[in-house]
Amino acid sequence: MKLKLFMGYIALWAMILASCKKQEVKLTPLASLLVTNAVSGGGNLVLGTNAAPVYNNSSQGYGMLTGSREIELVDTAGGMNKVYYNQTKDFVNGGVYSLFLAGTSDAVESVFVKEENIPSHTADVFGARVINLVKGEVPISVNLQGNPNSSFINNLSYKAISTFKDVSALDSEGDKVFEFRNATTGDFITSFTVPGYDLPRFRNITLVFAGAVGSETVLRVNNY
């Protein structure tokens, strides 16, 4: 009887120890892709079977399996299934990528970026960068309102993207107005305001200079 009871204790402890063993968790390697749809007069785009579309003049983030992956962005409105972008790209585990689409629906232009050295920030500071997606436009410069021309970005050519630069975000300073100019003449083109109530402290934004010559626009993309 004692032997049976002892053997029962052994079996019970074996079960307890087995349940306490650390279970191996297999994580799926993933990367992230942020798509910006700045196509003039374009439609909303669908990426594969993802439910969330990339609305025109907006951006949308996606998780991507690693390895060589097809990126196909399609305007499905009215059943037309018009392909705006279809390329295969390599994604690494933990990689951060951005895809910018511009031009027109009949002549889509793209810039694909593997993000490196994304800055972090202390309180009352955010990062901002600019990408020039206006085809046929002269190189542009950018300054914060009240500062000298080209003091923030200088001579940014078509499809070029600047590095992130620190911008003060003190409450007392209010709105941040970015002025876009012809880099050669200094002539004013347009401006974009980041309102004081929505300053992206600790984070980064991309200002997308898009549209067509004479009808330029600027989109804000919230990054990381």
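Within segment 172-224, all pairs of alpha-carbon atoms sorted by distance into 5 Å bins from zero give the percentages 5, 17, 25, 24, 15, 11, 4, 0. This model, with +1 at the C-beta of Lys and Arg and -1 at the C-beta of Asp and Glu, gives segment 29-116 a dipole about its Cα centre of some 120 debye. Within the shell defined by Cβ-Cβ distances under 15 Å, the residues around residue 169 carry a net charge of -1, with Lys and Arg each +1 and Asp and Glu each -1. For segment 107-167, what D do you get in µm² per second when you plug the Kirkwood radius from alpha-carbon pairs into Stokes-Einstein at 20 °C and 1.002 mPa s? D, rounded to a whole number, is 163 µm²/s. What is the calculated FRET efficiency for residue 32 to residue 70, with r their C-beta to C-beta distance and R₀ = 22 Å, to the nearest 0.05? Efficiency at R0 = 22 Å is approximately 0.85. Residues of segment 210-224 with an amide N closer than 20 Å to a point placed 7 Å from the Cα of residue 160 along the Cα-to-Cβ direction: 210-214, 216-219. Each listed q (0.10 Å⁻¹) maps to a log10 I(q)/I(0) for segment 119-224 from the Debye sum over equal C-alpha point scatterers, namely -0.25.
Can you flag which of 114/176; 26/89; 114/165; 114/159 are past 22 Å Cα-Cα?
As for pairs spanning more than 22 Å Cα to Cα, those are 114/176; 26/89.
Sort 30, 101 so the one with the fewest other Cβ atoms within 10 Å of its own Cβ comes first.
Starting with the residue having the fewest Cβ neighbours, the order is 30, 101.
Seen against the Cα atoms of the chain and their longest principal axis, helix 2-20 is set at about 10 degrees. Taken over the alpha carbons of the chain as equal point scatterers, the Debye sum produces base-10 log I(q)/I(0) values at 0.17 Å⁻¹ of -1.24. A convex hull fitted around the alpha carbon atoms of segment 29-116 yields 84 Å³ per residue.
A crude spin-label estimate for the pair residue 145 and residue 77, with each label 7 Å from Cα along the Cβ direction, gives 3.2 nm. Taking Cβ atoms as reference points and 13 Å as the exclusive limit, the residues near residue 107 contribute a net charge of 0, counting Lys and Arg as +1 and Asp and Glu as -1.
Bear in mind these aren't lab numbers, they're just calculated from the coordinates by the rules spelled out. Being a predicted model, the structure only gives us computed values, none of them experimental. All Cβ positions, glycine included, derive from the backbone under ideal geometry; neighbour counts span all protein chains shown.
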